[in-house]
Amino acid sequence: MLSRDEMRRLLLARGPEQEQLFAESRRARNEHFGAAVVLRGVIELTNVCRVNCDYCPMRRDNVRENDTYFLAADKIVELAGLIRDNGIDVILLQGGETPALMPLLEEVIPRIRALYDDRVEILLNVGNLKRAQYERLKAAGATSYILKHETSDPALHLSLRHETLESRLRCMRDLQEVGFKVGTGLISSLPGQSLDSIIDDIELAGELGVDMCSVSPFIPAPNTPMSIAPIGDNELALNVIALLRLRYPQLLIPSVSALERVGSGGQSRGLDAGANVMTVNFSSAADQKRYLIYGKDRFVVTLDHVRGLVRSSGLELGGSRFIEQPLTSGVAA
Ligand code: SF4
């Protein structure tokens, strides 16, 4: 096991030392997962959110000025059909944290399952809910859930999200007890975040016993209280991916679009660093513009982009790890 001193050194690795770190993390990934990269198709349900994260343009204080939307159930099912037609068997339904999503989710999840004859993983990313609501979503047919801890530093978490870390962790425990596969995630290079705090993030992912963990470099977004903070360091985010892979070879780790936003070629480097998940955006062009996750000039990931990256990394497109009969072992090439 790596000591904290070794992790501190490796987080700062650059040049040949970093390439050596990535070679080891790729070896760990390939031993555990082979060459398959899990492909997800994401549908962005709404840009309305009750939370007020200082780094997010969809924060509550912006809602009145944003061009808000909720997708209709029929539209969500139609997009899910498009994802299925592209051979992808993980549907990520993501949106701001709002109670208004509950009835919509309970309607669309069974309809999407029917589209796939149940051979689908339905992955949700819709925030903190009550345990009884998680039970209802599980009963409706959801498989997995992303609820990122963002930062494991309780004071930093509270100051940036205006919510307690403990409430987030309690929801994660509820999700696990209800039977979801659970993903966490962290933002690296947050203003006020130390290297030791990032090591705590890595340790927390292990303590939580999650199945997935993402790493996003901080992106200062327009119309937020953090709009003039310095942009995050891609190399640091990549090293966190590599360390997570070495510590927990069994984790699903995405190569997120924020890596591409911070530096061209960033998602390819994410795969080089040991990531094994990619997410393709299936929201309509108009809704992509309104889902302001990193501001209006976000990098939108297409299936062609992912196919090219995966091939040039010497990897293969693959399906869900959480369902017994995946739709396909090789997504539409
Ligand atoms: S980061 Fe998520 S929870 Fe926070 S304001 Fe944005 S959409 Fe809401």
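Of all residues in region 187-215, count the ones that are in contact with a strand residue (DSSP E or B) (Cβ under 7 Å, 6 or more places away or on another chain) and assigned to a loop (DSSP other than H, G, I, E, B).
Matching residues across region 187-215 total 3.
How many of the residues in region 129-182 are in contact (Cβ under 8 Å) with a residue 24 or more places away in the chain, closer than 23 Å to residue 224 by Cα and buried (at least 17 other Cβ atoms within 10 Å of the Cβ)?
12
Restricting attention to region 49-67, which residues are open to solvent by 20 Å² or more (accessible area, probe 1.4 Å), of a type in the set (A, V, I, L, M, F, W, C) and either within 18 Å of the chain's Cα centre (by Cα) or within 7 Å of the ligand (Cβ to nearest atom) (or both)?
The answer is 49, 56.
Any residue that is among the hydrophobic types (A, V, I, L, M, F, W, C), under 19 Å from residue 38 (Cβ atoms) and assigned to a helix (DSSP H, G or I) - is there at least one of those in region 117-125?
No, every residue in region 117-125 fails to be among the hydrophobic types (A, V, I, L, M, F, W, C), under 19 Å from residue 38 (Cβ atoms) and assigned to a helix (DSSP H, G or I).
Scan region 50-67 for residues that are modelled with pLDDT under 90 and either assigned to a loop (DSSP other than H, G, I, E, B) or in contact with a Ser or Thr (Cβ under 7 Å, 6 or more places away or on another chain) (or both) and jot them down.
63, 64, 65, 66, 67
Here's the yes/no breakdown for (1) charged (D, E, K, R); (2) at positive phi; (3) modelled with pLDDT under 80:
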site: 246; (1), (2), (3): no, no, no
site: 249; (1), (2), (3): no, no, no
site: 257; (1), (2), (3): no, no, no
site: 260; (1), (2), (3): yes, no, no
site: 265; (1), (2), (3): no, yes, no
site: 277; (1), (2), (3): no, no, no
site: 281; (1), (2), (3): no, no, no
site: 300; (1), (2), (3): no, no, no
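Among 108, 77, 42, 37, which is away from the ligand (no atom under 16 Å from the Cβ), surrounded by 16 or more Cβ atoms within 10 Å (Cβ to Cβ) and assigned to a strand (DSSP E or B)?
That would be 37, the only listed residue that is away from the ligand (no atom under 16 Å from the Cβ), surrounded by 16 or more Cβ atoms within 10 Å (Cβ to Cβ) and assigned to a strand (DSSP E or B).
Please go through (1) among the polar types (S, T, N, Q); (2) farther than 29 Å from residue 64 by Cα; (3) part of a helix (DSSP H, G or I) for residue 288 and return the number of the only condition it doesn't satisfy.
(2)
Could you check region 138-172 and list, in sequence order, the residues that are part of a loop (DSSP other than H, G, I, E, B), within 15 Å of the ligand (Cβ to nearest atom) and among the β-branched types (Val, Ile, Thr)?
151, 164
If residue 117 meets every condition in (1) over 18 Å from residue 138 (Cα atoms); (2) without any contact (Cβ under 8 Å) to a residue 24 or more places away in the chain; (3) charged (D, E, K, R) apart from one, which number is that one?
For residue 117, the failing item is (1).
The values are calculated or read from the model by the stated rules, or taken from the named source; none is laboratory data. A quick note: this is a predicted structure, and the numbers were derived from the prediction, not measured. Reconstructed Cβ throughout: ideal geometry from the backbone, glycine too, with neighbour counts over all protein chains shown. The accessibility values were calculated without ligands, DNA or RNA, using every heavy atom of the protein model including side chains. Shrake-Rupley method; radii C 1.70, N 1.55, O 1.52, S 1.80 Å.
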